[in-house]
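J.: Take a look at the following structure, please.
The values are calculated or read from the model by the stated rules, or taken from the named source; none is laboratory data. None of these values were measured; they are calculated from a predicted model. As a convention, Cβ positions derive from the backbone with ideal geometry for all residues, glycine included, and neighbour counts pool all protein chains shown.
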Amino acid sequence: LEEWDAHPQGIAVAAEPLIDRFQGGTAPDAWAPTPGRPLSGIRVLDITRVLAGPMATRFLAGYGAEVLRIDPPGYAEPDGYSGGDLTLGKRCTNLELDTEAGRARFLELIAEADVFVHGLRNGALEALGLGEAIREAARPGLIEVTLDAYGWTGPWAQRRGFDTLVQTSAGMSTHLMRLEGRAQPQLLPAQVLDFATGYLMAAAAIRGLTIRMTEGHGTRWRLALARTARHMLAHGTPPEAPELVVPIESPAEDRVFTSPYGPVRRLRFPVDVAGSPLFWERPGDPYGSATPTWTTRASVGRSA
């Protein structure tokens with residue numbers, strides 16, 4: 001931890017907010033949350049990869065948003081994430097953003113979207129001719145939520161990374177090694193940075209919707225795995241957790257999906273908002289199985 005705190009990138013990340021917010025363009029918005037399914041009618045365009053971004057958009061789908069995930073033709077997530085977990089509740093389509101036709105269709109989708117979530121490196125969309133000014137012109141009032149690995153400033157701002165690499169770089173693995181008295185660095189289980197950052201991204205998107213509803217303008221939000229790591233470490237070491245007893249009794253959902261991967265029944269989500277249960281209306285669709293179109297009706301304030 002001491003080495004990371006003294007490293008130029010650690011210093012840069014420490015100066016960044018946990019969730020950085022910027023004001024976007026103005027746009028009228030007549031949307032209001034729907035009782036029971038608060039995000040019904042909201043359209044979310046998703047260009048994310050394992051694992052934080054897909055968790056964010058999956059959460060939004062669980063409360064009724066229409067999520068359209070974009071991948072290049074032939075793309076699929078790593079085998080360890082099969083079974084539809086990352087695409088749960090979403091439609092999945094293919095677009096080639098390095099072609100004129102693909103870029104044109106992307107802007108048509110953006111023009112009719114409410115939220116755009118992506119984990120592309122800073123400058124990647126600009127290099128494709130789809131920069132911030134172009135997106136804002138296509139959809140004034142757009143809410144954008146973006147993810148970076150090592151932070152948005154500092155010498156590693158453009159460096160690719162994922163959960164376990166960031167845990168190691170930020171000193172979490174050596175910190176856990178010392179706590180447990182181990183001889184080798186230890187990683188926190190369950191991709192904790194990915195999940196924590198993903199749910200923060202979802203919270204940012206929802207906050208963006210309420211800001212647009214009450215103040216009439218869009219917002220842009222930036223998060224980073226390394227900043228989430230710092231936030232978690234700042235809370236110190238929690239008290240020792242009780243030992244898990246196997247088998248673990250967990251309530252399951254009543255519904256059974258007939259998915260491309262076979263019958264699926266999922267554990268009930270651990271978070272419950274009174275009057276608005278989180279559930280998904282469709283199984284995890286195969287990559288590239290949908291057309292690049294929206295299926296829900298556009299609301300006031302969008303171009304269609």
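J.: Does the stretch 188-204 contain any residue that is assigned to a loop (DSSP other than H, G, I, E, B) and surrounded by 15 or more Cβ atoms within 10 Å (Cβ to Cβ)?
T.: Yes: one or more hits.
J.: Sticking with this one: Being part of a loop (DSSP other than H, G, I, E, B), under 24 Å from ALA226 (Cα atoms) and among the aliphatic types (A, V, I, L, M) narrows it down to one of LEU18, LEU39, so name that one.
T.: Answer to the selection: LEU18.
J.: So how many residues does the stretch 136-186 have that are under 18 Å from GLY198 (Cβ atoms) and in a loop (DSSP other than H, G, I, E, B)?
T.: 8
J.: Just to be sure before I move on: is ALA127 of a type in the set (A, V, I, L, M, F, W, C), within 23 Å of the chain's Cα centre (by Cα) and modelled with pLDDT of 90 or more in the structure I sent?
T.: yes
J.: Scan the stretch 148-173 for residues that are of a type in the set (A, V, I, L, M, F, W, C) and over 23 Å from ALA190 (Cα atoms) and jot them down.
T.: Passing the criteria: TRP152, TRP156, ALA157.
J.: Residues in the stretch 260-279: is at least one surrounded by 10 or more Cβ atoms within 10 Å (Cβ to Cβ), over 16 Å from the mean Cα position of the chain (by Cα), acidic (Asp, Glu) and at pLDDT below 75?
T.: Among the residues of the stretch 260-279, not one is surrounded by 10 or more Cβ atoms within 10 Å (Cβ to Cβ), over 16 Å from the mean Cα position of the chain (by Cα), acidic (Asp, Glu) and at pLDDT below 75, which makes the answer no.
J.: I'd like the residue in the stretch 30-46 that is crowded, with 23+ Cβ neighbours inside 10 Å and β-branched (Val, Ile, Thr) and, out of all such residues, is nearest to THR293 (Cα to Cα).
T.: This residue is VAL44.
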